[in-house]
1. Take the residues of the range B:33-45 that are under 13 Å from B:Q21 (Cβ atoms) and not polar (S, T, N, Q): which is surrounded by the most Cβ atoms within 10 Å (Cβ to Cβ)?
2. From (1) within 14 Å of chain A (Cβ to nearest Cβ); (2) within 20 Å of the chain's Cα centre (by Cα); (3) modelled with pLDDT of 95 or more, pick out the condition that doesn't hold for B:K245.
3. Would a scan of the range A:21-31 turn up a residue that is in contact with a Leu (Cβ under 9 Å, 6 or more places away or on another chain) and surrounded by fewer than 17 Cβ atoms within 10 Å (Cβ to Cβ)?
4. Tell me which of these B:L134 doesn't satisfy, since it passes every other one: (1) among the hydrophobic types (A, V, I, L, M, F, W, C); (2) outside the structural domain of B:D75 (by TED's automatic domain parsing); (3) part of a helix (DSSP H, G or I).
5. Go through the range A:1-20 and give me each residue that's without any contact (Cβ under 8 Å) to a residue 12 or more places away in the chain and either under 20 Å from B:H182 (Cα atoms) or surrounded by 16 or more Cβ atoms within 10 Å (Cβ to Cβ) (or both).
6. Could you check the range B:344-380 and list, in sequence order, the residues that are basic (K, R), at pLDDT 80 or above and assigned to a loop (DSSP other than H, G, I, E, B)?
7. What are the pairs, 6+ residues apart or on separate chains, where a residue within the range A:47-60 that is more than 7 Å from chain B (Cβ to nearest Cβ) and surrounded by fewer than 23 Cβ atoms within 10 Å (Cβ to Cβ) has its Cβ under 6 Å from a residue that is of a type in the set (V, I, T) and assigned to a helix (DSSP H, G or I)?
8. Give me the pairs, please: first residue somewhere in the range B:389-409 and in a helix (DSSP H, G or I), second residue anywhere and of a type in the set (S, T, Y) and at pLDDT below 95, beta-carbon distance under 6 Å, and either six or more positions apart or on two chains.
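The values are calculated or read from the model by the stated rules, or taken from the named source; none is laboratory data. All values reported here derive from a predicted model rather than from experimental measurement. With ideal geometry, Cβ positions are generated from the backbone for all residues, glycine too; neighbour counts draw on all protein chains shown.
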Amino acid sequence: MKINAKDLSRIVSKYHDEKSSLIAVLQDVQEEYHWLPPEALRFVSEKLCIPLIDVYSVATFYRAFSLTPRGEHVVTVCLGTACHVRGAPLVLDRIRNRLRVEPGCTTGDGKFTLESVNCLGACALAPIVVVDGKYHGQTTVKKAAQIIEEYHTKRPKKRVTRRRKK
Amino acid sequence: MMRITINGKKCTARYGETVLQVAQRSGIRIPTLCHHKDLSPYGGCRLCIVDMKGKQTPLTACTLTAEDGMVIKTDTPRLRKLRRSTLQLILSEHPSACLICEREKDCDNFQECIKKSAVTFGCKSCPQNNKCELQDLVRDMDIKDLHFEFRYRNLETQRDDPFFDRDYNLCVLCGRCIRACHEIRHAHTLEFHHRGPKTLVGTAFDLPHLESGCQFCGACVDICPTGALRDRFSRYDGPPERTVKTTCMLCSIGCAVDLNVSNGKITCSTPHKDQICARGRFAIAPIVNHPRRITKPLMKKRDGVIEVEWDEALECVSQKLREHRNRTGFLFSPQLTVEAAENIYALGGSLSAKLAMPFLSNVPPRPLALSEIKGKAAMIIVNTDMVGDYSVLLLTLRRKMKDRATFIVIDAFARPSDRFADTVLKPNPGTEQKIVDVLCGPGRFPKESGISAAEIELAQRLVKGKKVYVLYDPSNSVIEKSSKSCKTFPLFSQPNALRISRMGFHCTHEEMLTSKNIDCLYLVGVAPKLERKYGTVIVQDCFLPDFDFDVFLPAATFAETDGQMVDIEDRTKRVRRAIEPIGRAMPDDMIVEAIARAMDLRLTKKSGKRKIVTKRATLRKTNRAYPLRLIVRENAYTYRGKTLSAILRGFDRLRHDRSAWINENTAKKFGLRDGARATIIGRRTSFIMPVKISSYLPQSTVLVFDHPSARRLKNEPVRLECTKS
């Protein structure tokens with residue numbers, strides 16, 4: 001993975017090299033690369049004057065950060081109680097068989113990352129499959145396969161960015 | 001003063017004290033695991049919970065600040081029950097089968113060697129058996145069975161690093177090692193990573209400690225309550241039978257260390273109350289017990305070098321000394337006790353022999369007056385590896401100024417570890433004095449240093465309005481005082497420098513070795529490069545030298561010697577004998593006394609003729625034939641003339657100080673790969689060394705740590721050639 005020092009300095013300088021904005025910086029790096037490459041963590045550590053181990057500790061603590069490369073599309077299957085009752089495990093099984101990866105892993109071609117989550121708070125739409133931030137409610141096994149096929153041919157879009165308070 | 005009541009006992013508390021501290025001071029025991037007196041309160045293990053009147057839930061005593069009128073109970077049935085279940089939970093992740101086994105005693109008696117197994121599955125196979133705080137807690141709380149299912153993390157023991165192993169299957173996540181690393185040592189090597197049940201202690205990206213900026217001070221190893229971190233050298237030795245407080249003589253700081261003795265063997269050295277560095281922690285016991293150490297007198301005879309009795313060796317030495325008398329030259333190491341140095345001096349004096357200054361630099365030593373350093377201060381550190389060589393001194397300075405000191409590092413070879421400083425300036429070698437001048441007072445902007453005006457300005461701003469102290473290692477460069485507001489302190493890495501330099505000497509090391517009037521060399525703990533043949537060479541040391549000798553007298557190490565040493569602040573410290581000298585070795589002072597007795601001499605003190613003169617190094621310019629500059633740096637990791645890395649592999653991996661350091665561009669230019677052997681060719685001499693490539697070195701320089709052959713080429717232009725092996 002090539003790291004562009006220019007992009008990274010832009011991100012860090014946006015927060016005025018402030019130590020306390022480590023998480024915000026890491027979020028932006030994650031958005032840029034879809035994961036946190038080790039070189040990027042080293043760069044951030046040096047720029048913010050935070051020991052590398054502390055940056056690493058924060059990066060591994062939060063699930064929002066990934067230290068392994070992620071696929072072009074992130075497929076998240078909700079396994080919360082409501083989804084579970086309405087057949088989420090079957091949906092997950094279907095997707096798992098289709099992509100041939102376990103939850104938490106990325107397909108060999110780097111197209112998809114499969115993840116499971118314990119509740120998304122939208123239980124009325126159960127079972128839910130989220131792909132690249134887009135919610136697909138009331139999924140069935142059949143629908144799940146269709147969703148995957150749809151993204152298989154689709155080119156990656158810029159991921160929906162979360163809005164932050166100013 | 002506040003009054004609080006603990007278990008009905010009236011106690012007085014000082015402002016800011018925690019309930020745990022008050023209880024411990026008043027002799028009330030509260031079980032703890034994650035608490036340590038030198039560390040900040042953490043409240044992680046939940047074993048120190050106490051009940052407070054007016055609060056329903058129990059509170060952790062280590063984080064509870066004492067307030068007037070508090071009523072505390074530490075030992076109620078409810079607390080006991082809670083504590084027991086907390087400990088049960090901790091034990092569910094710690095291999096603990098032996099803790100509750102009823103056949104524990106039998107195991108102790110009959111299965112002694114089981115602890116040498118590769119995997120730790122219980123206390124009997126744990127190196128920390130009988131030294132473990134968890135065992136004490138289980139015994140105190142009388143836990144007889146385990147309630148929770150045991151979860152084994154199944155991690156591999158990490159044995160890649162020198163000096164200690166890490167088995168995180170035994171870790172109870174108390175975070176003591178992390179706090180010691182951050183708060184005491186400021187090293188930032190360890191931290192928790194991941195979270196929940198996956199939480200582990202480790203380095204960034206799980207790199208080995210060697211690659212993550214670890215100083216190998218051993219603070220984490222000593223503070224670990226379990227066997228998760230263990231010293232590799234002493235792992236099978238069990239708890240020490242006794243400890244002997246002595247002074248470490250491996251450098252000039254002279255830290256107090258406890259030598260742990262079991263079965264008449266020094267098993268390891270641990271800090272006595274305060275901190276020590278990698279040398280004091282991990283070098284002493286391996287040196288004393290080294291397999292290559294010579295502990296019998298040797299003599300060269302017609303059929304080679306053979307072992308002889310002391311009497312024969314002494315007889316031979318006295319005869320040779322009598323023969324050569326004033327054509328004898330004495331060279332000795334400053335790492336001997338003061339008594340030994342004085343005796344050698346007296347023996348040399350009564351023979352009218354020549355005595356050489358035992359150190360390389362020409363700067364007259366001055367005590368480091370730590371008491372003068374106070375208030376708002378800025379420390380300028382010039383060409384000195386503060387973290388590597390003087391880590392304990394750096395900690396003392398930081399503690400003294402309550403972490404408010406400003407540190408500026410001026411060093412062309414500034415290492416990643418120098419990032420502790422507020423700013424790091426990397427000037428061209430030889431221009432350090434000019435930068436100190438411009439920072440401390442009137443001085444013109446040093447253009448030739450290669451440092452930008454902005455960097456200088458930043459450093460000037462940091463120094464402004466503060467008292468400036470310049471610390472430098474005189475073997476690397478000599479810095480003179482540039483204005484009234486600044487003070488300079490030379491840091492001598494060798495012990496006894498102040499005491500020995502007061503004696504007065506005839507010549508320097510170099511002059512002695514090149515002098516034609518010397519026929520007989522008496523070397524005590526030094527291993528120079530001999531330029532020519534001598535009539536007689538007498539060596540008094542622990543390890544064999546790499547040149548021919550006539551007599552070898554086995555010396556005891558400082559761990560087997562009684563005496564004194566003088567530290568960097570000119571304080572005299574006691575060195576105590578922990579064990580009898582191994583084999584037939586003898587302490588240096590007693591060997592010299594025995595020689596004097598054999599010669600019927602009385603050891604009287606005479607002073608040398610010459611005082612030391614400061615010489616400024618002149619830099620010869622590099623040219624096309626010799627395009628690189630050789631910089632020779634003092635090596636503070638030595639014992640009696642041998643580098644620690646030559647004796648102990650761990651130090652070689654940590655320091656790479658037997659290699660010539662160059663940067664990538666130089667390596668490419670000369671077609672050298674990391675670890676390749678290169679010939680370093682100067683105008684006067686050449687030598688072969690492996691190459692170490694590092695990105696932090698400046699262009700066109702070769703860095704070598706003090707080495708007998710390199711000394712003659714110090715600061716000279718050189719070139720490199722790849723050596724085919």
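1. Among those that are under 13 Å from B:Q21 (Cβ atoms) and not polar (S, T, N, Q), it is B:H35.
2. The failed condition is (1).
3. Yes, the conditions are met somewhere in the range A:21-31.
4. Result: B:L134 passes all but (2).
5. Step one: list which residues in the range A:1-20 are without any contact (Cβ under 8 Å) to a residue 12 or more places away in the chain, which gives A:2, A:4, A:6, A:10, A:13, A:15-16, A:20.
A:Y15, A:S20, listed by residue number.
6. Kept after step one, since they are basic (K, R), are these residues of the range B:344-380: B:354, B:366, B:374, B:376.
Now narrow it down to the ones that are at pLDDT 80 or above: B:354, B:366, B:376.
Answer for the range B:344-380, where residues must be basic (K, R), at pLDDT 80 or above and assigned to a loop (DSSP other than H, G, I, E, B): B:R366, B:K376.
7. Close Cβ pairs satisfying both conditions: A:K47/A:V12.
8. B:D389/B:S493
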